[in-house]
Amino acid sequence: MSADPSSQKEPSGLRPLPSVKMALLPNELRARRTRRLLLGAVIGAIVLGVLLLWIARSVIPNAWAWMEDALGRQDAQLAADLGVNDGLLPVDLDAGVEEELSEDEALALARSRPNARYETPFGGVPSFRGALLNAGLEPDECTAIERALQHIVDFRRCRPEHKLIVERDENADLERFEYHPSATEFVEVTRGEDGVFRAEQIRVKVERTPIARAGSVEISIGDGLLELGLPAGLATFFVEAFEGQINFAVQARKGDVFRIVVDEERVDGEFLRYGRVHALEYDGQRTGKVQAFYYQAGGTVGQFYDESGRAMQGGWLRTPLRYDRLSSRFNPRRFHPILKRTMPHLGVDYAAATGTPVWAAADGRVTFAGRRGPNGNLVVIRHSGGFETAYAHLHRIKSGIRPGTYVKQRALIGFVGSTGRSTGPHLHFGLKKYTRSIDPLTELNGPGLRMASRNLPSYKSALAEWQALLGGIENVPVVVAGADEPLVEQVDEIMD
């Protein structure tokens, strides 16, 4: 006899299908209560946090400011009673106490005063209007300034260190505004009688004073210049001027003596930088004494000349850039320490900062300009006489430099970089003659052209002035002869 299905008991722990009117089990009731408690706790914590934040930002600072104000007045009264003024807290019993303000408070006060003039940095804001608003200008004033500057200032080139100067009249209305992108020029915006603001670009007068210095070579010319308080980068002018007479990588010796005449530039009496190099002299054990003088005739490119007026540089630039150091020489049998095999280095590596300008070594026509494997960004120029020069690892190639372009000597063709197979920013400079690679340091020599006769009288006059400055240097070191001790050995730094 089969059992009646309706009389079977429900297995323990199981429920029939849910019903709308079915009551919750005890464990489900506990879960619901727990969720409600957690939700209430979260909401309560949020409300409490908002309340505490409001107290921290409103009540506490006001109370603290009141306490500081009370204490400051007590100190001021005490100082007045004792007749003491420390120079930081001016005391005037009739006018009240002038409190020492923070920089931001002082600036905010200055913005609201008549006849105010104050200066602010451009700052890290993403727009020119944002900098103007931070400087305390009203929106309509910002619009007027931007309209006046739109054809003079490239707002995309603004930098955080640039300066803004605001000047207000006796009614606290904007009367004058200045934007200073550099120490030597700024843009002035003034309000005319018609109320319209107009802009004018102004160049600051730079005071140039030639100074003459002399030093000796112990490690390098750059280190010798640093000992004199001059920048080491001026050493590149010696290389540039004497490249046809001296191979500094081979002929320079400890104890050699150099002299230099260079402009010291100042603005309002404050030092700005070193400018034009006028005269150079190098007196070495293996080189003898050589001199070079910079001269620029009207409408011509300035360069260094010898005493007779002949250009120091010939038809080639041995070094097509101003570099920091020679990092690797021409070596057809160089053993590559990274690749562990003999790998010729068919060029000269000049280490220099990224972005340093690179020039064409001579007149010629560009045959390649683009990216090529381990060379990175590469420019190749074909010259007369079967010569070809290559400039590798460029950060970027100057716009307009493309195959077929004819370039003159010293034309800008690109900028130093570290593209391709390179371990640091440098220029790999290669030279070929009829497809055969040769050493640029030994090949690119030769006398330059003589100055035009019409320019000689003016040049001779300037020459006398520079020679007098060179000869008037006191305490000039004496060339140490006989030791013939080479400089620190050149490290063949693999930069490829």
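Nothing in this text is a laboratory measurement; each read-out follows from the coordinates by a stated rule. Source: prediction; values computed, not measured. Quick reminder, even Gly has a Cβ in these numbers, built from the backbone with ideal geometry, and neighbours come from all protein chains shown.
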* **Pairwise FRET efficiency - K254 versus Y406, Cβ, R0 = 35 Å, nearest 0.05** => 0.20
* To do: Convert each backbone phi in region 258-265 into a coupling constant with the Karplus relation 6.51 cos²θ - 1.76 cosθ + 1.60 (shift: θ = phi - 60°), then list the ³J(HN,Hα) values in order as whole Hz, x for Gly and Pro.
  => 10, 9, 8, 10, 9, 6, 9, 9
* Give a residue-ordered list of calculated ³J(HN,Hα) values for region 46-52 (Karplus: 6.51 cos²θ - 1.76 cosθ + 1.60, θ = phi - 60°; whole Hz; x for Gly, Pro). => 5, 4, 5, x, 4, 5, 5
* Structure fact -> Looks like region 325-443, by Cα gyration tensor root eigenvalues a ≥ b ≥ c and the a/c under 1.5 rounded cutoff (else prolate when a/b is bigger than b/c, oblate otherwise), is oblate
* To do: Quickly rank 322-328, 270-276, 215-221 as a protection proxy: mean count of other C-beta atoms within 10 Å, highest first.
  => 322-328, 215-221, 270-276
* To do: Estimate the FRET efficiency between N115 and R156 by the formula 1/(1 + (r/R0)^6), using the beta-carbon distance for r and 35 Å for R0, to the nearest 0.05.
  => 0.55
* Once you put a point 7 Å from the Cα of I219 and another 7 Å from the Cα of N27, both along the Cβ direction, what distance in nm separates them? -> 7.9 nm
* Among 253-259, 451-457, 408-414, 306-312, what's the highest-first ranking by average C-beta atoms within 10 angstrom per residue? -> 253-259, 408-414, 306-312, 451-457
* Once you have the Cα-Cα distance between V196 and R333, take 0.36 nm times their residue separation minus that, and quote the gain in nm to one decimal. => 42.1 nm
* **FRET efficiency for L133 and L51, using Cβ-Cβ distance with R0 set to 35 Å, rounded to 0.05** => 0.60
* Does region 102-203 classify as rounded, prolate or oblate by the C-alpha gyration tensor (a ≥ b ≥ c root eigenvalues; a/c under 1.5 gives rounded; else a/b over b/c gives prolate, otherwise oblate)? -> oblate
* Asked: Quick one: Cα centre-to-centre distance for region 260-313 and region 127-176, in angstrom?
  -> 41 Å
